[in-house]
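Reading through the structure tokens given below for one structure.
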Amino acid sequence: MPTADELLNAAAVRSLKACLARADNGRRWPAVGRSAAAFDEQGLGERVGAVREALLEDLPGSYSASARIVKRALRDEAFTGWMIWPMTEAIAVRALASSREADFEAGLEMLAALTGRLTSEFALRLFLDADLDRTLQTVVDWTDHDDEHVRRLASEGTRPRLPWAKRVPALLQRPSATLPILDALCRDQSEYVRRSVANHLNDISYIDPSLAVEAAARWLQPGGTDATRLVKRALRTLVKKGDAEALALLGFSPPREVTVDGPRLRTATVAVGDRLGFEVEIANLDSAPQNLAIDYVIHHRKANGSLSPKVFKLTTRKLGPGERTSVVREHSFKQISTRRYHAGPHAIELQLNGVRYGWADFDLI
């Protein structure tokens, strides 16, 4: 993951100040100039907040006057990159604080204009939090926009669990509210947009699994571009959880008459930073072929000594009657920022179409 300094740094703030000065006849923008002073001690979110507040201090008090400056800045090719994030939030704050009713929709359209320069997905959360239904009325219209960045904004900005973004309680309470957006974009011509749709439905699957499966089933109906790849990505979390409805939709019924030998470990001890090698052999003893989604589960040791399972994708196989297959894999215990390892007993299991098989203990040192 990039560091804050690789994203929003002092150089980006100086460029932002220069762009705004060119857009507004040499205005000095003193607060913006000072906003990077504490960057060395700040993470990305704090930096965005500091620049946003500086922009609100330097921009005119009304939304319309602020918007005129931003529109002029958009003529400048240098007005792009990570400087755009705090600008989108500042313009959202101005629009939402305005006493003019029309500035609500005008602010949303400004986010659409800005999103191609980086993204407006984080600022859109401010509108969603202020008035979900009113915001969605405009966002639904974006699904027909000529610009793929705006169409992606419609999906990405309304995700219930958007990374790095503030949660919008209404989206968590009403996950079905954004389905018209996803239905309109699930067969979008842009892979960039479709990937966002898949991630959005995956977010919904955490909140209401049946609702997510229902939408995915609708997208798999005949007609239009094949949505199978999108649906597989959208249901990935439910598949890992062994959700029967999601697995069945993707063609993975509960296993019948299978034998599982393993997982067999190369070693019973592995050090942090090394890899755990294992092998498994699966046989289909049924009289009919079977589609198998083969995953594995690492039971990580927690600080309190208990075990916490995490499912990892392995492979998919179609086994004919009497057919066998073997799978060899290594699992890395390389240190990563999103997981802390604790030495001691761990375990590994196999998962076939959501059903657990086998158990092998090992020690992490």
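Values in this text are rule-based calculations from the coordinates and carry no lab data. The shown structure was predicted, so the numbers you read here are calculated from the model rather than taken from an experiment. Using ideal geometry, Cβ is built from the backbone for each residue, glycine included, and neighbour counts are taken over all protein chains shown.
Computed values, structure above
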| item | result |
| --- | --- |
| Charged-residue dipole, Cβ positions (Lys, Arg, Asp, Glu), the chain about Cα centre, Debye nearest 20 | 600 |
| Unit charges on C-beta of K, R, D, E only; dipole of the range 1-118, Debye | 540 |
| ALA37 versus GLN173: modelled label distance in nm, points set 7 Å from Cα along the beta carbon direction | 4.1 |
| For the range 55-119, the fraction of alpha-carbon pairs in successive 5 Å shells from zero, as % | 3, 19, 33, 27, 13, 3, 0 |
| For the chain, share of DSSP beta bridges that run antiparallel, in % to the nearest 5 | 95 |
| Mean ellipticity per residue at 222 nm, deg cm²/dmol - from DSSP H runs of n ≥ 4 across the chain, formula -39500 (n - 2.57) | -13000 deg cm²/dmol |
| Kirkwood Rh, Cα atoms: Rg over Rh of the range 258-364 | 1.02 |
| Label zone at SER308 (point 7 Å along Cα-to-Cβ), backbone N below 13 Å, the range 318-339 | 338-339 |
| Count of Lys pairs (Cα-Cα under 22 Å; at least 8 positions apart or interchain) in the chain | 20 |
| GNM result for the chain, Cα springs below 10 Å: residue of ALA154, ALA113, ALA102 fluctuating most strongly | ALA102 |
| ³J(HN,Hα) computed for each position of the range 56-64 - Karplus, 6.51 cos²θ - 1.76 cosθ + 1.60, integer Hz, glycine/proline x | 5, 6, 8, 5, x, x, 9, 5, 4 |
| Candidates ALA268, ALA170, ALA95, ranked by Gaussian network fluctuation over the chain, Cα under 10 Å, top entry | ALA268 |
| Amide N proximity, the range 234-252 versus TRP359 label position 7 Å along Cα-to-Cβ, cut-off under 19 Å | 242 |
| Contour excess over end-to-end distance, with Cα ends at ALA130 and TRP164 and 0.36 nm allotted per residue | 10.3 nm |
| DSSP-assigned coil residues among trypsin sites (Lys or Arg not before Pro) in the range 316-349, each with at most 12 further Cβ atoms within 10 Å | LYS334, ARG340 |
| Contour excess over end-to-end distance, with Cα ends at ARG27 and ALA271 and 0.36 nm allotted per residue | 82.0 nm |
| Nearest 10 degrees, 0 to 90: helix 102-114 Cα axis against the chain principal axis | 60 |
| Loop GluC sites (Glu not before Pro), the range 89-189, which have at most 10 other Cβ atoms in a 10 Å radius of their Cβ (DSSP) | GLU101 |
| Stretch gain in nm, segment LEU285-THR3, where the contour uses 0.36 nm per residue and the Cα spacing is subtracted | 96.4 nm |
| Amide N of the range 290-309 lying under 14 Å from the label point, which is placed 7 angstrom from the Cα of LEU220 along Cα→Cβ | 291-293 |
| At R0 = 35 Å, FRET efficiency that the Cβ-Cβ distance of ASP183 and ARG339 yields, to 0.05 | 0.50 |
| Over the range 272-356, relative contact order from alpha-carbon pairs under 8 Å, at least 6 apart, % | 44 |
| Residue order, fewest to most surrounding Cβ atoms within 10 angstrom, among ASP133, ASP363 | ASP133, ASP363 |
| Residue among ALA21, VAL48, TRP85 farthest towards the positive dipole end of the range 1-118, charges placed on Cβ | ALA21 |
| Average Cα contact separation per residue, the range 1-118, under 8 Å, 6 or more apart, as relative contact order % | 27 |
| Rounded tilt (10° steps) of 209-219 against the dominant C-alpha axis of the chain | 80 |
| On Cα atoms only, tilt of 10-23 relative to the major axis of the chain in degrees | 40 |
